[in-house]
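**Student:** Have a look at this one.
The values are calculated or read from the model by the stated rules, or taken from the named source; none is laboratory data. Source: prediction; values computed, not measured. Virtual Cβ from ideal backbone geometry, glycine too; neighbours counted across all protein chains shown. In case anyone asks, the SASA skips ligands and DNA or RNA and just uses the protein heavy atoms, side chains included. Shrake-Rupley method; radii C 1.70, N 1.55, O 1.52, S 1.80 Å.
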Amino acid sequence: MWLRVFAILIKELRQLSRDRMTFGMIVMIPLVQLMLFGYAINTDARHLPAGVLDLSATSESRAMVQAVSATQVVDFVAVYHSVPEAEAAITAGKVKAVLVLPADFGERLARHPQSQRELHASGSYFAAPVGQWLVDGSDTVVASAIRSLRAMPLAEVLGRPVTDTVPSLEVVNYFNPEQRTVVNIVPGLLGVILTMTMVLFTSAAIVREREQGNMEFLITTPVRPLELMLGKILPYVLVGFIQVGIILGAGHLIFKVPVRGGLDSLALAAMLFILASLTLGLVISTIARTQLQAMQMTVFILLPSILLSGFMFPYEAMPVPAQWIAEALPATHFMRMSRAIILRDAEVMQLGFDALWLIGFSVVGIIIATLKFSKRLD
């Protein structure tokens with residue numbers, strides 16, 4: 001019996017060695033993803049894009065901005081002149097937070113106790129803030145990073161050493177004041193689940209026809225490659241919308257996740273992402289020769305879509321090369337759109353770059369899949 005088992009084992013190993021793509025995936029999946037995620041995954045959010053609203057415009061306020069920037073937690077990329085302007089930037093996702101320094105910043109700073117001992121000597125336990133952070137609270141990791149700046153040392157601003165600081169900045173969390181993680185997770189799950197199902201459904205579409213012997217039938221029909229590609233993906237668009245309804249409905253009923261944005265904007269964003277994911281699956285299907293290869297390639301796409309898209313770890317915390325890879329994934333762009341629409345009541349027009357990117361990805365994917373498909377037997 002063991003000789004027969006050994007013979008089958010040798011046969012399988014030889015067959016595997018002849019399948020270059022499968023053998024390559026066995027080696028490349030763990031190696032590439034270990035190197036990629038080992039460098040890219042970082043829960044320490046730094047260099048977050050932020051704005052500043054300086055209503056004081058004094059040397060003290062400028063010193064405060066420089067002191068905050070020196071922490072490298074945030075990078076000030078924009079200057080605003082009113083609170084509504086700053087709030088609109090946060091809603092559109094242009095910045096993660098805005099530092100607001102009031103017109104009487106200098107007076108507040110002069111009255112602010114500079115140590116816990118001084119605070120207790122005044123008979124108080126809480127000091128009036130000298131400024132305020134307006135924060136996109138929909139991302140709990142980002143909100144936690146901004147909260148770490150509440151009690152930052154004011155030595156640079158005061159011009160003298162400060163050893164025992166008192167929180168000097170108030171933090172206002174927009175969109176998720178309770179800081180519930182599930183509020184951020186549920187919209188992100190839309191991208192993860194749709195990526196997994198849509199790519200998986202279509203990645204085996206052409207391969208299945210070849211393995212089931214239906215390729216001969218397709219060759220004899222007048223169906224053109226482009227028509228075949230469109231026919232393969234359109235039925236799954238409805239499936240994608242059913243999944244969107246299930247996820248959002250269950251998330252709202254069970255976890256009380258609000259849906260602040262318009263359903264028309266959400267439907268348009270979901271449509272663009274579903275089409276992009278389906279075309280990605282078609283491209284995989286025209287490359288793979290077996291359903292096993294198609295599934296392996298799908299997993300190779302799925303893991304980066306989960307770990308690099310901002311679903312679990314802050315996009316801003318990743319090194320720049322990893323961000324470039326993330327930008328090539330449809331899930332990254334839909335993750336921004338879904339969270340912006342569902343949690344921040346943003347509109348698709350405010351998310352034009354991500355919408356146009358998904359459209360371009362779908363068009364290019366359809367063209368590649370059409371060109372690679374050949375109505376002939378291998």
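**Student:** Checking the conditions here, which among Met335, Met349 is open to solvent by 30 Å² or more (accessible area, probe 1.4 Å), modelled with pLDDT under 95 and under 19 Å from the mean Cα position of the chain (by Cα)?
**Tutor:** Met349
**Student:** Of all residues in the stretch 248-302, which are of a type in the set (Gly, Ala, Ser) and within 17 Å of Phe334 (Cβ to Cβ)?
**Tutor:** Gly251, Gly261, Gly262, Ser265, Ala267, Ala269, Ala270, Ala276, Ser277, Gly281, listed by residue number.
Per-residue answers, yes or no, for (1) open to solvent by less than 50 Å² (accessible area, probe 1.4 Å); (2) modelled with pLDDT of 90 or more; (3) under 22 Å from Arg289 (Cα atoms):
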{"position": "Met215", "(1), (2), (3)": "yes, no, yes"}
{"position": "Gly245", "(1), (2), (3)": "yes, yes, no"}
{"position": "Leu248", "(1), (2), (3)": "yes, yes, no"}
{"position": "His252", "(1), (2), (3)": "no, yes, no"}
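**Student:** Has the stretch 78-92 got any residue that is assigned to a loop (DSSP other than H, G, I, E, B) and modelled with pLDDT under 90?
**Tutor:** yes
**Student:** For Glu327, all conditions in the list (1) open to solvent by less than 30 Å² (accessible area, probe 1.4 Å); (2) within 19 Å of Ala269 (Cβ to Cβ); (3) not small (Gly, Ala, Ser) hold save one; what is the number of the exception?
**Tutor:** Of the numbered conditions (1) open to solvent by less than 30 Å² (accessible area, probe 1.4 Å); (2) within 19 Å of Ala269 (Cβ to Cβ); (3) not small (Gly, Ala, Ser), the odd one out for Glu327 is (1).
**Student:** Please specify each residue of the stretch 164-205 satisfying the condition of being in a loop (DSSP other than H, G, I, E, B) and open to solvent by less than 50 Å² (accessible area, probe 1.4 Å).
**Tutor:** Thr165, Val166, Ser168, Phe175, Asn176, Gln179, Ala204, listed by residue number.
**Student:** Still on this structure, please answer the following. Out of curiosity, is Ser61 at pLDDT 90 or above, closer than 30 Å to Gly131 by Cα and among the polar types (S, T, N, Q)? Spell out the reasoning first.
**Tutor:** On the way: at pLDDT 90 or above: no; closer than 30 Å to Gly131 by Cα: yes; among the polar types (S, T, N, Q): yes.
Criteria not met by Ser61.
**Student:** Just checking, which of Leu356, Leu308, Leu343 is closer than 28 Å to Glu85 by Cα and either among the small types (Gly, Ala, Ser) or open to solvent by less than 10 Å² (accessible area, probe 1.4 Å) (or both)?
**Tutor:** Sole residue among the options that is closer than 28 Å to Glu85 by Cα and either among the small types (Gly, Ala, Ser) or open to solvent by less than 10 Å² (accessible area, probe 1.4 Å) (or both): Leu343.
**Student:** If you scan the stretch 269-282, which residues turn out to be more than 18 Å from the chain's Cα centre (by Cα) and surrounded by fewer than 24 Cβ atoms within 10 Å (Cβ to Cβ)?
**Tutor:** none
**Student:** Something else: If a residue must be open to solvent by less than 60 Å² (accessible area, probe 1.4 Å), over 15 Å from Ile206 (Cα atoms) and either of a type in the set (Gly, Ala, Ser) or touching a residue at least 12 places away in the same chain (Cβ under 8 Å) (or both), how many such residues does the stretch 217-243 contain?
**Tutor:** Count: 4.
**Student:** Check whether at least one residue in the stretch 108-121 is modelled with pLDDT of 75 or more and surrounded by 14 or more Cβ atoms within 10 Å (Cβ to Cβ), and report yes or no.
**Tutor:** Yes.
**Student:** State all residues of the stretch 258-288 that are under 18 Å from Trp357 (Cα atoms) and among the small types (Gly, Ala, Ser); if no residue qualifies, say none.
**Tutor:** Listed by number, the residues that qualify are Ser265, Ala267, Ala269, Ala270, Ala276, Ser277, Gly281.
**Student:** Give the number of residues within the stretch 43-52 that are modelled with pLDDT of 85 or more and either surrounded by 21 or more Cβ atoms within 10 Å (Cβ to Cβ) or among the small types (Gly, Ala, Ser) (or both).
**Tutor:** 4
**Student:** Which numbered condition trips up Tyr315, out of (1) under 11 Å from the mean Cα position of the chain (by Cα); (2) free of Cβ contacts under 8 Å to residues at least 24 places away in the same chain; (3) open to solvent by less than 40 Å² (accessible area, probe 1.4 Å)?
**Tutor:** Single failed check for Tyr315: (3).
**Student:** Right, next: Are there any pairs, at least 6 apart or on different chains, whose C-beta atoms fall under 7 Å, with the first in the stretch 247-264 and free of Cβ contacts under 8 Å to residues at least 24 places away in the same chain and the second in a loop (DSSP other than H, G, I, E, B), and if so, which?
**Tutor:** If the second residue must be in a loop (DSSP other than H, G, I, E, B), the pairs left are His252/Val259.
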